Amino acid sequence: MIGWRRTALDALGSETFDLVVIGGGINGAGIARDAALRGMRVAVLEQGDFASGTSSRSSKLIHGGLRYLEHGHLRLVLEAARERERLRRLAPHLVRPMRFVFPLYAGMSLRPWMLRVGLWTYDVLAGVRDVKRHRMLRAGAVAALEPSLRREGLRGAGEYWDCWTNDARLVLETMLSALQAGAVAVNYAQVVGFEKVGGWVAGVRVRDRVDGGAVSVRGRAVVNAAGPWGDQVNALDTPDQPARLRLTKGVHIVVPRARIGHEAAIALQAVRDRRVMFVIPWETHSLIGTTDTDHVGGPDAPPTVEPSDVAYLLETVNHYFPQARLGVDDVVSTFAGLRPLVAPPPGARTSPSDVSREEEIVTAASGLVMIAGGKLTTYRLIAARVVDRAIDVLRASGDARRFAASSTAEAPLPGGRVPPETLAADLAARDGHGLSPEALRHLTGRYGGRAVEVLALLARDRGLGAPLLDALPDARAEVVASVEAEYAMTLEDVLRRRTQVALFDPTQGSAVADAVAALMAPALGWSPGAAQAAVDAYAAARAAERRRWR
């Protein structure tokens, strides 16, 4: 067993924690960070990899949620817009401004005046400072800015600004910040039961999914931040209670950006059902999504990308970008995720898209605190509220200690203390370990100030500066850093979440799986046979995914 994991498991089994957090997605990571920065002793348990569920399968947006205004969710939009601006300051390498264009066409129910009012309200709620305010565009101006857009019936557009993020790395950096503040976190550690004293939750039983071992973790307060698995965790506390979650599936596809030819992110109304979806520029590619359909089978039935999902998304893109003529063969990669939304009242007939994205925090009779729903954008604010609730639980059990107020509104994430552009220029002026300016911009854009940790590996082996694939910027050093400093345990952890090779490479990383396994093996103690088994399993899983949606 690798050293950090043994140390973490030993701590889990020997200490009593102030707070045990179940779930290592964005909410779990945010809660752990907030609590640890307040001075609490925190443990985090994640049954898969950090961010491997919902939190790495989003539209990669930090946004106020313009479409939520239509449903009157003013509080949600207000909080999200303000948190968007805060995250731009705290993680400038991970949260970046992006221009959006919402074209209007003849026959749409959305009128220009309606969009104008919505965008004006959006700006007012955001209290915009650095991101530009919206403007309305005539048809000719839209055609000049986005010449590939369909011109037939084009009446104009609204132009506004939101932000893009690397969602998996936002989770990871939030978790790393929690660890720096003293938290203990273990991935591939599944909670299988609760320990109780007098009916009060006093800890959890955990199964190590790496070696099959077991450990009991004592905690004065426990938070269920398991996302789609939230109802299952609740059932370990109180069986047969009503479900609090409604799971919906969102599918995204990735295609070469040149085939579409857009500059801004484009908000579109889907041809089939008029839902709002996006075509988002993502380096050399475009991210298209998302769908919104109910998911059956529970969270343990993995959300899959079906041919109908791909057809739904391509239909709309080809309608609005008639020269694209995208087909299934043009799809580079796909991914599907589950949204753990708060279930509407029994009997309510609500479509998946109309279910509220607001969060709900519930404390059970046993003291177990659950967070349901919420948005990626508002995770920091949600985390502070959950920790406040956990402190209430501590006080109810007789713990009179006082903890500091939340400080996450002002504390940058580990890589966010220096703007990435400034750091890249500084590194280039100081040799940059022989890397090109483009390679340095890539590293600082992904790691921020932590890029120096990746570059330090090149002092050990200059060959680690070489890219994994000639067509992509991901360096071999990033694989080593993923295992040695970022808790990656599998090929998928590295290729899908620590890097983006699996999303930009037509083989989803299978072509470099051997090389990646060889780089991972020393730190993980893999034998040649174990490395080959990992490669074979990874390639088989990617091939099966692709066969399903083609």
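Could you give every pair whose Cβ atoms fall below 6 Å, whose first residue belongs to the range 224-249 and is at negative phi, and whose second residue is crowded, with 19+ Cβ neighbours inside 10 Å and aromatic (Phe, Trp, Tyr), counting only separations of at least 6 or pairs across chains? Listed by first residue and then by second, the contacts come to Leu236/Phe194; Asp237/Phe194. Only one of the numbered conditions (1) of a type in the set (D, E, K, R); (2) more than 18 Å from Leu94 (Cβ to Cβ); (3) in a loop (DSSP other than H, G, I, E, B) is not met by Glu410, and that is (2). Just one of (1) in the same structural domain as Leu381 (by TED's automatic domain parsing); (2) of a type in the set (D, E, K, R); (3) more than 24 Å from Ile22 (Cβ to Cβ) fails for Arg151. It is (1).
Residue check: Pro256 meets all listed conditions (1) closer than 25 Å to Trp161 by Cα; (2) free of Cβ contacts under 8 Å to residues at least 24 places away in the same chain but one, namely (2).
Residue count for the range 414-458 satisfying the condition of being under 24 Å from the mean Cα position of the chain (by Cα) and polar (S, T, N, Q): 1. The single residue among Gly465, Gly509, Gly525 that is in contact (Cβ under 8 Å) with a residue 24 or more places away in the chain and crowded, with 22+ Cβ neighbours inside 10 Å turns out to be Gly509.
Please count how many residues of the range 291-303 are surrounded by 15 or more Cβ atoms within 10 Å (Cβ to Cβ) and either of a type in the set (A, V, I, L, M, F, W, C) or closer than 19 Å to Arg546 by Cβ (or both).
Qualifying residue count, the range 291-303: 2.
Confirm whether Ala336 is surrounded by fewer than 20 Cβ atoms within 10 Å (Cβ to Cβ), closer than 20 Å to Arg275 by Cβ, of a type in the set (A, V, I, L, M) and out of contact with any Cys (no Cβ under 8 Å at 6 or more places or on another chain). No, not satisfied. Looking across the range 319-337, just one residue is touching a Leu at 6+ places or on another chain (Cβ under 6 Å) and more than 15 Å from His285 (Cα to Cα), and that is Tyr320.
Only helices (runs of 4 or more DSSP H) whose full extent lies in the range 431-550 are considered here, and the ones with at least 3 residues that are closer than 25 Å to Arg209 by Cβ are 476-485, 501-504, 513-524, 528-549. Residue check: Val387 meets all listed conditions (1) within 21 Å of Leu179 (Cβ to Cβ); (2) free of Cβ contacts under 8 Å to residues at least 24 places away in the same chain but one, namely (2). Count of the range 359-386 residues, restricted to those that are of a type in the set (Asp, Glu) and over 17 Å from the mean Cα position of the chain (by Cα), is 1.
Does His252 meet the test of being under 15 Å from Ser59 (Cα atoms) and surrounded by 23 or more Cβ atoms within 10 Å (Cβ to Cβ)?
yes
Of all the numbered requirements in (1) surrounded by fewer than 16 Cβ atoms within 10 Å (Cβ to Cβ); (2) on the phi > 0 side of the Ramachandran plot, Asp354 misses one, and that requirement is (2).
The values are calculated or read from the model by the stated rules, or taken from the named source; none is laboratory data. Remember, it's a predicted structure, so these values are computed and weren't measured experimentally. Cβ coordinates were reconstructed from backbone atoms using ideal geometry, including for glycine residues, and neighbour counts include every protein chain displayed.
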